[in-house]
Amino acid sequence: MSGENVDQAEVDLRFALVRERYGLLIEPTAFGDVRRRIEGIARNGEELRAVRLDNSFEPFSIFGPHRGERGD
Amino acid sequence: MNDLVFRSIRQLSELVRTRQVSPVELAETFLGRLDRIGPQLNSVVTVTHDRALREACRAEEEIGRGEYRGLLHGIPYGAKDLLAARGAPTTWGAEPLRSQMLDYDATVIRKLGEAGAVLVGKLSMVELAGGMGYESPNASFTGPGLNPWDRTRWAGGSSSGSGAAVAAGLAPFAIGSETWGSILVPASFCGVAGLRPTYGRVSRHGAMALSWTLDKLGPLCLSADDCGIALAGIAGPDSHDPTAARRFYMYDGPVLPGRRMKLAVPEDAAAGCGDPGRDNFAAALDALQSVADVDEVKLPEYPYEAVTATIQSAESASALEDFVHEGKASGLTDRSGLFGPYPGKAVLATEYLKAMRLRGVIAREIDAVLAPYDAMAAPASDAAPPVATSFDRSKRGRGDSGAPVSAIGNALGLPAISVPDGFTEEGLPTGIQFMGRAYGENAALAAARAYQSLTSWHECHPADLV
């Protein structure tokens, strides 16, 4: 995935969050790979935000309350 | 050639039913090939000798008593090693889980056992079904899955062993899983039939979870007809899996519909393919004209790959969180284990929810596109099998697995089957997929059977393994 056309400030913010939380678990040599993938994630987010949806469109997986029957 | 190898389930079952071949003889044939050829292809994790012979003996006794259970009775099969099977390790392809023992049978294993099928092996796979975003085919503790048609090439992922084992005649059929391409791509690369059922058609109880709303289990076989037979053995409701649909499945093959079929082909369906894939797809469509009306259709414009990728990233980051936090990811084979778990943590909740909302919109619009047709045809993969030792997945375009149809089909949980549609100049298989509406497996299978009735690609097998 290319990071071209992705808002780099947003990528910086997301990368900073991941580095802050998980930096000790990540090999320093792999930070570039993490950032590259975060660029892809940010680009996906931009593409999703570009589509306008009516307010009433719900997530496709609709939560259903559970009531156990016969010991379920 | 051992004349039991490269026979369809339907052919083998007739031999078993009429007691011309015993289930024990069948099991021993395929156990021997798994032992001998499996390691050459890195396609096997565990050959389940004891269990296979126990199940085969039982099948033989039952059939001898006239208690024939059906087409899968006494038929050997292999299972991707993300399926729990009592008595054998369930490794998920991952070095840190080499010794993981799950002391129960996944529902598909249980159902196949009840149908009388015989588990002969647990088959290799890309570690964690590709959950770290592997960048090299060498992403399993069993080594890169090698292609029976050319052992320098990749078998595809993540159901590498399932595709290779069927193509190499190590099992008449195998069970694989698909989150995004993991059945159709190995089927295409290995020149076999691979069926991705509708989401929820097959229980996932006992299967590793990578992405709860994308994961599907399905068969890889020598023909589309065999995929229907195998699906009938594993489909159905399951109280252990709340996502399993409360629908029963009945395969309606092998007879073809007595009418012309209607197929849709997306505009530029083969645009992302290399020459051999594009040419073979065009030839397949030409062949299909004799049995089907083929219409070009325009797909509505949505960011299909962003939807599927966002859902998969967020869900897999959560599904594998404990594995990662226990420090196990660094023990994976592919270097993506060093960094792959973490980018998914950067998916925003609003992005995941937007993808899920778009999923509903897209589901309705694509269903409307598909409704007038038996199936939609498209290339199964954008590329021929790459060289196993040098392929860098990080440099591939987004959606190397038949985009955008693969992204649509997986996001929407639609059934699709890949069957071979020719070879490259180097003798490597390519595939065509037929995707149906939700719960439309029989229509997709009928289209694939119709194609296979016109062609003989599925009757080709690697010369050194015949």
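For B:LEU112, the solvent-accessible surface with a 1.4 Å probe is about 0 Å², rounded to the nearest 10. Inverting the pair-averaged 1/r between distinct Cα atoms of chain B gives 21.5 Å as its Kirkwood hydrodynamic radius. Counting Cβ atoms of other protein chains within 10 Å of each Cβ in A:50-60 and taking the mean gives 5.
Separation of the range B:165-233 from the range B:349-380 is 21 Å, based on Cα centroids.
Along its principal axes, the range A:8-49 has C-alpha extents of 32, 15, 14 angstrom, given from the largest down.
So what is the 222 nm mean residue ellipticity for the protein assembly as shown from helices alone, if each DSSP H run of at least 4 adds -39500 (n - 2.57) and you divide by all residues, rounding to the nearest 500 deg cm²/dmol? Mean residue ellipticity, 222 nm, calculated: -11000 deg cm²/dmol. Applying the criteria of a DSSP loop state and at most 14 other Cβ atoms within 10 Å to the GluC sites (Glu not before Pro) of the range B:422-466 yields B:GLU425, B:GLU426. Per residue, the accessible area of the range A:8-49 comes to 53 Å² when a 1.4 Å probe rolls over the protein heavy atoms. Qualifying GluC sites (Glu not before Pro) in the range B:312-367, where qualification requires a DSSP coil assignment and no more than 14 other C-beta atoms within 10 Å, comprise B:GLU326.
Under the combined filter of DSSP loop state and at most 15 neighbouring Cβ atoms within 10 Å, the range A:1-69 retains these trypsin sites (Lys or Arg not before Pro): A:ARG52, A:ARG67. Exceedance of the 20 Å cut-off in Cα-Cα distance is limited, within the set B:LYS80/B:LYS395; B:LYS80/B:LYS111; B:LYS122/B:LYS216; B:LYS122/B:LYS395; B:LYS111/B:LYS216, to B:LYS80/B:LYS395; B:LYS122/B:LYS395. Over what distance in Å are the Cα centres of the range B:1-61 and the range A:9-27 separated? The range B:1-61 and the range A:9-27 have Cα centres separated by 51 Å. For chain A, modelled as a GNM whose springs connect Cα atoms under 10 angstrom apart, the maximal fluctuation among A:LEU24, A:LEU13, A:LEU48 occurs at A:LEU24.
As a length-normalised measure over Cα pairs under 8 Å and 6 or more apart, the relative contact order of chain B settles at 18 percent.
Got a number for carbon plus sulfur as a percent of the range A:8-49's accessible area, 1.4 Å probe? Carbon with sulfur: 57 percent of the solvent-accessible area. Convex hull volume of the C-alpha atoms in the protein assembly as shown, normalised per residue: 149 Å³. Taking label positions 7 Å along the Cα-Cβ direction at both B:LEU348 and A:ARG19, the computed distance is 2.0 nm, reported to one decimal.
For the range B:168-182, 3J(HN,Hα) computed residue by residue from phi via the Karplus equation (6.51, -1.76, 1.60; θ = phi - 60°) reads 8, x, 8, 7, x, 8, 8, 9, x, 9, 9, 9, 7, x, 7 Hz, glycine and proline entered as x. Solvent-accessible area lost on pairing B with A (1.4 Å probe, both sides summed) amounts to about 3000 Å². Derived scalar couplings between HN and Hα for the range B:123-137 equal 9, 5, 7, 5, 3, 6, 6, x, x, 9, x, 4, 10, 9, x Hz in order, rounded to whole Hz, by the Karplus curve 6.51 cos²θ - 1.76 cosθ + 1.60 (θ = phi - 60°), x for Gly and Pro. Just the protein heavy atoms count here, and of the accessible area of the range B:286-399 at 1.4 Å, carbon and sulfur take up 50 percent. Solvent-accessible area assigned to carbon and sulfur over the range B:1-132 amounts to 46 percent, based on a 1.4 Å probe.
The values are calculated or read from the model by the stated rules, or taken from the named source; none is laboratory data. As the structure is a computational prediction, the values presented were derived from the model and not from experiment. Glycine also receives a Cβ, built like all others from the backbone with ideal geometry; neighbour counts cover every protein chain displayed. To get the accessible areas, we keep the full protein, side chains included, count just its heavy atoms, and leave off ligands, DNA and RNA. Shrake-Rupley method; radii C 1.70, N 1.55, O 1.52, S 1.80 Å.
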